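Before any comments, here is the structure.
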Amino acid sequence: MKKDMYIFPAIIGKEKNEKEYSVYFPNLDVATSGIDEADAFESARELLGLVIYGKEQDKEKIL
């Protein structure tokens with residue numbers, strides 16, 4: 001059964017010497033990044049959508 005909404009924890013960070021922000025979803029073991037916070041969040045939304053869509057298509061369990 002498909003849900004209308006999923007909630008996943010994300011770890012968002014930026015190292016002192018790095019220019020990009022990283023976003024990691026530990027429950028899905030996937031990550032992305034962006035040149036600033038807004039770009040990182042947009043990339044994270046897109047990544048989550050693709051991962052969830054792929055899992056639904058493959059009939060895999062979504063946490």
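Are there any pairs, at least 6 apart or on different chains, whose C-beta atoms fall under 6 Å, with the first in segment 18-36 and without any contact (Cβ under 8 Å) to a residue 60 or more places away in the chain and more than 16 Å from Ile52 (Cβ to Cβ) and the second part of a loop (DSSP other than H, G, I, E, B) and of a type outside the set (Asp, Glu), and if so, which?
Glu20/Ile35; Tyr21/Lys14
Being within 9 Å of the chain's Cα centre (by Cα), surrounded by 15 or more Cβ atoms within 10 Å (Cβ to Cβ) and not in a loop (DSSP other than H, G, I, E, B) narrows it down to one of Phe41, Phe8, so name that one.
Answer to the check: Phe41.
Output the number of residues of segment 4-17 satisfying the condition of being without any contact (Cβ under 8 Å) to a residue 12 or more places away in the chain and either in contact with a helix residue (DSSP H, G or I) (Cβ under 9 Å, 6 or more places away or on another chain) or within 30 Å of Lys59 (Cα to Cα) (or both).
Final tally of qualifying residues: 4.
Just to verify a result, which residue in segment 44-63, among those that are outside any helix (DSSP H, G or I) and within 14 Å of the chain's Cα centre (by Cα), is modelled with the highest pLDDT?
Looking at the filtered set, the residue picked out is Ile62.
Pairs needed: first member in segment 47-63, on the phi > 0 side of the Ramachandran plot; second member anywhere, surrounded by 13 or more Cβ atoms within 10 Å (Cβ to Cβ) and at pLDDT 95 or above; C-beta distance under 6 Å; at least 6 residues apart or different chains.
Once the first residue is on the phi > 0 side of the Ramachandran plot and sits in segment 47-63, no partner that is surrounded by 13 or more Cβ atoms within 10 Å (Cβ to Cβ) and at pLDDT 95 or above comes close enough.
The values are calculated or read from the model by the stated rules, or taken from the named source; none is laboratory data. As the structure is a computational prediction, the values presented were derived from the model and not from experiment. Cβ: placed from backbone, ideal geometry, glycine included. Neighbour counts: every protein chain shown.
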